[in-house]
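**Q** Below is the structure I would like to discuss, written out as structure tokens.
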Amino acid sequence: MSGILKRPSRWFKWSLLILLAIALGFMIYISYMYWMIRSTTIEDIVQRQHVQEDNGKLKEPESTSPILGNTLEKANEFANKPISKQDAMDAAAILLNSGLSMRDIYFCLARLPIS
């Protein structure tokens, strides 16, 4: 009986604390990305596109997170041209702010012709 009620060892506490800190950091990152996508309006996207056109060239793609980077690499393969992180965020913002459900968005994306 005394083995069951034993206090957890120091390494177990530290391991649990580190895992909780990583999980909290991941949740904060996901929440921030979601907020960035939800707060983007069509007017912001149009204004950004006009600024890029006025400058005569597109900005260099900024570094991406590993999660978004893998998705962008796959999109680059399908499009046969580079897609910037901001363009991907703009597309996600348009889809999420469109009022469609996640099921409808998935249905629309699954039906896109790939050439």
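**Q** On full extension of the chain, what length is gained from N97 through M27, given 0.36 nm per residue of separation minus the C-alpha to C-alpha distance?
**A** 23.1 nm
**Q** Net charge around L16, counting only other residues with Cβ within less than 14 Å of its Cβ (Lys, Arg = +1; Asp, Glu = -1)?
**A** Combined, the nearby Lys, Arg, Asp and Glu give +3.
**Q** Compare K13, K81, K6 by solvent-accessible area with a 1.4 Å probe and give them largest first, with all protein chains kept in place.
**A** Greatest to least solvent exposure: K6, K81, K13.
**Q** Something else: So, taking all protein chains as they sit and a 1.4 Å probe, how much accessible area belongs to L96, in Å² rounded to tens?
**A** Counting only protein heavy atoms, the figure is 40 Å².
**Q** Pull up all non-local amide H partners of L100: gap of 5 or more, or a different chain, and H-to-H distance under 5 Å with H placed in the peptide plane.
**A** Sorted by chain and number, the residues that satisfy this come to none at all.
**Q** Excluding ligands and nucleic acids, what accessible area in Å² is computed for M27 using a 1.4 Å probe, to the nearest 10?
**A** 120
**Q** Please calculate the 1.4 Å probe accessible area of D87, with all protein chains present, and give it to the nearest 10 Å².
**A** 60
**Q** Using a 1.4 angstrom probe on the protein heavy atoms only, line up M36, M89 by accessible area, largest first.
**A** Solvent-accessible surface, decreasing: M36, M89.
The values are calculated or read from the model by the stated rules, or taken from the named source; none is laboratory data. Owing to the predicted nature of the structure, the values given are computational and were not obtained by experimental measurement. Backbone-built Cβ (ideal geometry, glycine too); neighbour counts: all protein chains shown. Heads up: the accessible areas ignore ligands, DNA and RNA and are worked out on the full protein's heavy atoms, side chains in. Shrake-Rupley method; radii C 1.70, N 1.55, O 1.52, S 1.80 Å.
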